[in-house]
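Structure first, then comments.
The values are calculated or read from the model by the stated rules, or taken from the named source; none is laboratory data. Just so it is clear, the structure is predicted and the values come from calculations on it, not from any experiment. Heads up, the Cβs are rebuilt from the backbone with ideal geometry, glycines too, and the neighbour counts pull from every protein chain shown.
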Amino acid sequence: MKPKLVLAIALALTFVLIYGCGKEPSPAAVTQSGAAQAVAPTSFRDCDDCPEMVVIPAGSFVMGSPASEAQRGYDEGPQHQVTIARPFAAGKFEITFAEWDACVSDRGCVRVDGAPGAPDDDEGWGRGRQPAIKIAWSETKQYVQWLSRKTGKNYRLLSEAEWEYVARAGTTTPFSTGATITPSQANYDTKHSYAGGATGQPSQRTAAVGSFKPNAFGLHDVHGNVSEWVEDCTNPGYKGAPSDGSAWTTGDCERRVLRGGGYSSYPAHLRSARRDAAFSHASLWTTSYGFRVARTD
């Protein structure tokens, strides 16, 4: 049996023992420089209204972008190795309106005071499996706290390092799809291209989660659809950043990090290393802000 497959099986068994969720997904074996070798990842839910989760294996990767990467941001360096010592679970999809509305119905989620716009405004794009939009970082915290109380499990936002780890899924290219990204692979402003990629007619709205193929970890829409809030405070680069995959909770904590880009983003903003930020309260609600959750014990 190949060593990578042995590692993947061992990690899956470890996660079952730690998390005790019955039918758990098999993770992918990860190398720092190669693509993740998928072992048919499956998903699990802790309750009917809970998001689907996928096991992510422990591993190491190089965070940030090289100086040679096109349209690289000043804050994407210095590149540094991050080691995530234990498996965790990440949302298979971005949190949907159906999942958000369950929290609202249970009085676990309330729009923060002073937020502009209608609290339930979905732009007429529908709810259900559409990603929840116009979500402030402070509101994501309500959701994960509610989900933790409901299930007795430790739900939270991903750290920025965890987000890049799951987005890369073992790759070192600008996107998990390779050197470029195309309209058939993600929801973004497809009038524009990156590194010679194809262009197309942009949707100008969100797409139902799972409309595009998953990456090697089995996660959908890590590139595009909605920008995803993570736990971290904003910092102007990676000097002094944690190397263990934990959230960076010092710096400008009035602003929190967003990753992945959204349906209206240029393709360069969808790169695995791209970093964006916004104020954590609701004053900057937009139709392209959403989130994904993680779970650990």
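In the list A247, A278, which residue meets the criterion of being of a type in the set (A, V, I, L, M, F, W, C), at negative phi and either part of a loop (DSSP other than H, G, I, E, B) or surrounded by fewer than 19 Cβ atoms within 10 Å (Cβ to Cβ) (or both)?
Sole residue among the options that is of a type in the set (A, V, I, L, M, F, W, C), at negative phi and either part of a loop (DSSP other than H, G, I, E, B) or surrounded by fewer than 19 Cβ atoms within 10 Å (Cβ to Cβ) (or both): A247.
Only one of T296, T199 is of a type in the set (V, I, T) and over 18 Å from F88 (Cβ atoms); which?
Criteria check complete, one pass: T199.
Please specify each residue of region 82-121 satisfying the condition of being part of a loop (DSSP other than H, G, I, E, B), modelled with pLDDT of 95 or more, surrounded by 16 or more Cβ atoms within 10 Å (Cβ to Cβ) and among the aliphatic types (A, V, I, L, M).
I95
With in contact with a His (Cβ under 9 Å, 6 or more places away or on another chain), over 13 Å from G260 (Cβ atoms), free of Cβ contacts under 8 Å to residues at least 60 places away in the same chain and not hydroxyl-bearing (S, T, Y) as the only criterion, which of K213, K191 stands out?
That would be K213, the only listed residue that is in contact with a His (Cβ under 9 Å, 6 or more places away or on another chain), over 13 Å from G260 (Cβ atoms), free of Cβ contacts under 8 Å to residues at least 60 places away in the same chain and not hydroxyl-bearing (S, T, Y).
Is it the case that region 36-45 has a residue that's at pLDDT 95 or above, over 23 Å from T173 (Cβ atoms) and more than 19 Å from the chain's Cα centre (by Cα)?
Scanning region 36-45, I find no residue that is at pLDDT 95 or above, over 23 Å from T173 (Cβ atoms) and more than 19 Å from the chain's Cα centre (by Cα), so the answer is no.
Please enumerate the residues belonging to region 63-93 that are touching a residue at least 12 places away in the same chain (Cβ under 8 Å) and among the aliphatic types (A, V, I, L, M).
Selection gives M63, A70, V82, I84, A85, A89, A90.
Applying the selection to region 213-244, what residues are of a type in the set (S, T, Y) and either buried (at least 24 other Cβ atoms within 10 Å of the Cβ) or under 12 Å from the mean Cα position of the chain (by Cα) (or both)?
Hit for region 213-244 is S227, nothing else.
This table checks each residue for (1) in a helix (DSSP H, G or I); (2) farther than 24 Å from T286 by Cα; (3) touching a Gly at 6+ places or on another chain (Cβ under 9 Å).
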{"residue": "W163", "(1), (2), (3)": "yes, no, yes"}
{"residue": "T180", "(1), (2), (3)": "no, yes, yes"}
{"residue": "P183", "(1), (2), (3)": "no, no, yes"}
{"residue": "K191", "(1), (2), (3)": "no, no, yes"}
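Any idea how many residues of region 221-252 are among the acidic types (D, E) and out of contact with any Gly (no Cβ under 9 Å at 6 or more places or on another chain)?
Residues in region 221-252 being among the acidic types (D, E) and out of contact with any Gly (no Cβ under 9 Å at 6 or more places or on another chain): 3 in total.
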